[in-house]
Amino acid sequence: MIGLLMMLATTSNYTVYQSGNELYARCQMQDQTSCLAYIIGVQDALADLASANITQPLFCAPVGATAEQLKDVAVLYLRNNPAARAQGAGGLVAAAFMEAFPCPAKPAG
């Protein structure tokens, strides 16, 4: 799933307003308000799409996960994947959440 997301991010012909490099730089600043707001915005958008049955859930963050924890997951992913940071920040945040919080497999049937 992460591979598919990364492939789409690199082959799609869409406008990216913020790259992973830009988000990572924001997240290194003393005031990380814009970093946190961006990451939580991505989380909320993906959760809203799943709750409206527009998409399947891409990740399953644990109940009680804080905004700060979600930011830490995204920043760690950006730090550990510098070659990918030229891609769109939203897709990279989604990939970080998918890697850190995979959804349980649905039983066959």
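Any idea what the dipole of segment 21-100 comes to, in debye rounded to 20, about its Cα centre with Lys/Arg Cβ at +1 and Asp/Glu Cβ at -1? The partial results should precede the final answer.
On the way: 4 positive and 7 negative charges, 39 e Å.
The calculated dipole for segment 21-100 is roughly 180 debye.
Which one of 40, 61, 76 has its Cα pushed farthest toward the positive end of the charge dipole of segment 21-100, where Lys and Arg give +1 and Asp and Glu give -1 at the Cβ?
Final value for the positive-end residue is 76.
Go through segment 12-109 and name the chymotrypsin sites (Phe, Trp or Tyr not before Pro) that are in a DSSP coil and have 16 or fewer other Cβ atoms within 10 Å of their Cβ. Write out the running numbers ahead of the final one.
Values: sites: 14, 17, 24, 38, 59, 77, 97; in loops: 14, 17, 59.
Those satisfying the criteria are 14, 17.
Using the alpha-carbon centroid of each, what span in Å lies between segment 78-95 and segment 54-75?
Taking the Cα centre of each part, segment 78-95 and segment 54-75 sit 15 Å apart.
None of the figures in this text is laboratory data; all of them are computed from the coordinates on show. Note that the coordinates shown come from a computational prediction; the quantities given were computed from them, not determined experimentally. Counting neighbours? That spans all protein chains shown, and the Cβs are built from the backbone with ideal geometry, glycine included.
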